[in-house]
Amino acid sequence: MRDKSEKKPVTKSVRLTVEEAQTIQKRAEASGLKESDYIRHRLTDTDDAVTPKERVSLQNIMNAAYTALVKAGASEKEIREFERECGKIW
């Protein structure tokens, strides 16, 4: 995402149905983003459907899984395989 202090001098208008507007609002709330930030993210980050908040949650889950592997005594090979699989996500 961009620096919050960055000015956004261009405004675009779009017509939506009530249902589309409600869907955008609900998805923005669920992602933890303001509607404008959510829409910008979805339009400009087309290769990445994961929101920044979801990315943090996913990273936390991966970190917890890694810790659990180590505590469970996973082999070095198993840990490296886990790291390779996690690397595919990013």
For residues in the range 26-52 being of a type outside the set (Gly, Ala, Ser) and in contact with a helix residue (DSSP H, G or I) (Cβ under 6 Å, 6 or more places away or on another chain), which is modelled with the lowest pLDDT? Thr51
Name the single residue that is least open to solvent (accessible area, probe 1.4 Å) among those in the range 17-68 being part of a helix (DSSP H, G or I) and among the hydroxyl-bearing types (Ser, Thr, Tyr). Ser31
Which condition does Gly73 not pass, out of (1) open to solvent by less than 70 Å² (accessible area, probe 1.4 Å); (2) in a helix (DSSP H, G or I); (3) modelled with pLDDT of 90 or more, if it passes all the others? (2)
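The values are calculated or read from the model by the stated rules, or taken from the named source; none is laboratory data. Just so we're clear, the structure is a prediction, and the values are computed from it rather than from any experiment. When we count neighbours, we look across all protein chains shown, and the Cβ atoms used for this are built from the backbone with ideal geometry, even at glycine. Protein only, heavy atoms only, side chains kept; ligands, DNA and RNA dropped before computing areas. Shrake-Rupley method; radii C 1.70, N 1.55, O 1.52, S 1.80 Å.
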